[in-house]
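Asks: Quick one: the structure is below, and I'll ask about it shortly.
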Amino acid sequence: LVPRILAALSFRPALLTADSFLYMQGAVDHNLGAIRPSGYSAFLAPFAVLPHTLLAVTTVQHLMGIAIGAIVYGLLRYWGLPAWGATLAAAPVLLDTREIALESFILPDVLFCLVLMVVVALLLTRRTPRLWQCAVAGLLMAYVTVLRGNGLPLVVIVALFLLIRKVGWRSLAAAAAAFAIPVLGYILVFHSEYGQ
């Protein structure tokens, strides 16, 4: 917490890039971005009603950074790594200055990483992932795809993982539907706004 509190005090209210303004504009006007996917704008939209919007966003992103470290630690402990080893593996996420600075930007990177870590934690179980886990993973991968354009190739990796784990056709179909329906919906809305 201490490095993140120092970052929040140092970078008040947030660090911004040109892309930050595109995401914030999308959060206010609720139009899909022509250049960047709008999943992060949808995340930002509820914060618009708060008095210190950008500080609230970066505070939540700092908490997300801690959550990523906790997931790394918990997953490694689940797989039998001793506490000291899991702590060492989680330390870069928790203490790396670049990571903490990234949490201070109005950019989708931290949310992108958190959602991916949740997918990994859902599927990387000792027993074969159940149908509900596959469906939730598919839905989260749909969100990853509209957070950043480079999320789409990761869907192939998740699909291959599900095939290797032999989750069964029902679980695979649930994951595919949970992924495809929101992404196709996004594509249709984008097409209706931009005609392509």
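Per-residue answers, yes or no, for (1) open to solvent by 60 Å² or more (accessible area, probe 1.4 Å); (2) more than 25 Å from SER20 (Cα to Cα); (3) at pLDDT 95 or above:
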{"site": "VAL144", "(1), (2), (3)": "no, no, yes"}
{"site": "LEU152", "(1), (2), (3)": "yes, no, no"}
{"site": "ALA159", "(1), (2), (3)": "no, yes, yes"}
{"site": "PHE179", "(1), (2), (3)": "no, yes, yes"}
{"site": "PRO182", "(1), (2), (3)": "no, no, yes"}
{"site": "GLY185", "(1), (2), (3)": "no, no, yes"}
{"site": "HIS191", "(1), (2), (3)": "yes, no, no"}
{"site": "TYR194", "(1), (2), (3)": "yes, no, no"}
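Asks: Can you report the number of residues in the range 24-37 which are part of a helix (DSSP H, G or I) and either in contact with a Ser or Thr (Cβ under 6 Å, 6 or more places away or on another chain) or surrounded by fewer than 16 Cβ atoms within 10 Å (Cβ to Cβ) (or both)? Outline the logic, then answer.
Replies: Residues of the range 24-37 that are part of a helix (DSSP H, G or I), as a first pass: 24-29.
If we keep only those that are either in contact with a Ser or Thr (Cβ under 6 Å, 6 or more places away or on another chain) or surrounded by fewer than 16 Cβ atoms within 10 Å (Cβ to Cβ) (or both) as well, we get 25-29.
Of the residues in that region, 5 qualify.
Asks: Please work out if LEU140 is more than 20 Å from ARG4 (Cβ to Cβ) and either at pLDDT below 95 or surrounded by 13 or more Cβ atoms within 10 Å (Cβ to Cβ) (or both).
Replies: Spelling it out, LEU140 is indeed more than 20 Å from ARG4 (Cβ to Cβ) and either at pLDDT below 95 or surrounded by 13 or more Cβ atoms within 10 Å (Cβ to Cβ) (or both).
Asks: Which members of the range 38-81 meet the condition of being part of a helix (DSSP H, G or I), farther than 15 Å from LEU114 by Cα and small (Gly, Ala, Ser)?
Replies: Filtering the range 38-81 for residues part of a helix (DSSP H, G or I) gives 39-49, 53-78.
Add one more test, that the residue is farther than 15 Å from LEU114 by Cα, and what stays is 41-42, 44-49, 53-56, 76-78.
Within the range 38-81, SER41, ALA42, ALA45, ALA48, ALA56 meet the criteria.
Asks: Could you list all residues from the range 1-23 that are modelled with pLDDT of 90 or more and outside any helix (DSSP H, G or I)?
Replies: Selection gives LEU1, PHE11, PRO13, ALA14, LEU15, LEU16, THR17.
Asks: Search the range 94-124 for residues being part of a loop (DSSP other than H, G, I, E, B) and under 21 Å from THR17 (Cα atoms), and hand back the single one that is most open to solvent (accessible area, probe 1.4 Å). Talk me through it step by step, then tell me what you get.
Replies: Here is the first cut: in the range 94-124, the residues part of a loop (DSSP other than H, G, I, E, B) are 96, 104, 106-108, 124.
Cutting the leftovers down to under 21 Å from THR17 (Cα atoms) gives us 96, 104, 106-108.
Working: ASP96: 45, SER104: 2, ILE106: 0, LEU107: 26, PRO108: 4 Å².
Residue satisfying both the conditions and the ranking: ASP96.
Asks: Evaluate the following for THR87: is it closer than 15 Å to PHE112 by Cα, of a type outside the set (Lys, Arg), at pLDDT 95 or above and part of a helix (DSSP H, G or I)?
Replies: Spelling it out, it is not the case that THR87 is closer than 15 Å to PHE112 by Cα, of a type outside the set (Lys, Arg), at pLDDT 95 or above and part of a helix (DSSP H, G or I).
Asks: Would you mind stating whether ARG127 is in contact with a Phe, Trp or Tyr (Cβ under 8 Å, 6 or more places away or on another chain), open to solvent by 60 Å² or more (accessible area, probe 1.4 Å) and either over 29 Å from HIS62 (Cβ atoms) or touching a residue at least 60 places away in the same chain (Cβ under 8 Å) (or both)? Give the derivation first.
Replies: Working: in contact with a Phe, Trp or Tyr (Cβ under 8 Å, 6 or more places away or on another chain): no; open to solvent by 60 Å² or more (accessible area, probe 1.4 Å): yes; either over 29 Å from HIS62 (Cβ atoms) or touching a residue at least 60 places away in the same chain (Cβ under 8 Å) (or both): yes.
Considered against the rule, which asks whether it is in contact with a Phe, Trp or Tyr (Cβ under 8 Å, 6 or more places away or on another chain), open to solvent by 60 Å² or more (accessible area, probe 1.4 Å) and either over 29 Å from HIS62 (Cβ atoms) or touching a residue at least 60 places away in the same chain (Cβ under 8 Å) (or both), ARG127 comes out as no.
Asks: To continue, here is another question. Just a yes or no: is a residue in the range 57-78 modelled with pLDDT under 95 and loosely packed, with under 15 Cβ neighbours inside 10 Å?
Replies: No, the range 57-78 contains no residue that is modelled with pLDDT under 95 and loosely packed, with under 15 Cβ neighbours inside 10 Å.
The values are calculated or read from the model by the stated rules, or taken from the named source; none is laboratory data. Computed from a predicted model, the values in this text were never measured in an experiment. Backbone-built Cβ (ideal geometry, glycine too); neighbour counts: all protein chains shown. What goes into the accessible areas is simple: the full protein's heavy atoms, side chains included, and nothing from ligands, DNA or RNA. Shrake-Rupley method; radii C 1.70, N 1.55, O 1.52, S 1.80 Å.
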